[in-house]
Amino acid sequence: IETLMGRRRFLSKITAGNSREKAQAQRQAVNSICQGSAADIIKVAMLKVHSVITNGSNTVDSMDGLMQNFSQIRGRCHLLLQFVGA
């Protein structure tokens, strides 16, 4: 199973094992793609925001107004990473 940005998860029981194990592996495969891709998208967004609030580099041309707002808070804010796990 592979996400948008190449994150991989190997599920050996998706082809081998009893029907219960196969069904669970199939659910994990779908969930891994959704959650992994969401994590990849958030990571890219956080890197772009961090670049703007620290260096002032304009990485997103189509959102110039938003980037100007970030320039007002440059040096006065920090990104925090929050992990919510099961």
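So the values come out like this:
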read-out: Conditions (1) surrounded by 12 or more Cβ atoms within 10 Å (Cβ to Cβ); (2) aliphatic (A, V, I, L, M); (3) at pLDDT 85 or above; (4) under 21 Å from the mean Cα position of the chain (by Cα); number of the one not met by residue 25; value: (4)
read-out: Leading residue by the ranking (farthest from residue 39 (Cα to Cα)) among those in region 8-23 that are in contact (Cβ under 8 Å) with a residue 12 or more places away in the chain and among the basic types (Lys, Arg); value: 13
read-out: Filter result (of a type outside the set (Lys, Arg), closer than 27 Å to residue 80 by Cβ and assigned to a loop (DSSP other than H, G, I, E, B)) within region 1-55; value: 3, 4, 5, 6
read-out: Qualifying positions in region 24-45 - without any contact (Cβ under 8 Å) to a residue 12 or more places away in the chain and over 26 Å from residue 79 (Cα atoms); value: 24, 27, 30, 31
read-out: Members of region 5-22 that are surrounded by 13 or more Cβ atoms within 10 Å (Cβ to Cβ) and hydrophobic (A, V, I, L, M, F, W, C); value: 11, 14
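The values are calculated or read from the model by the stated rules, or taken from the named source; none is laboratory data. Please read these numbers as outputs of a predicted model, since none were measured by experiment. For neighbour counting, all protein chains shown are included, and Cβ atoms are generated from backbone atoms with ideal geometry for every residue, glycine included.
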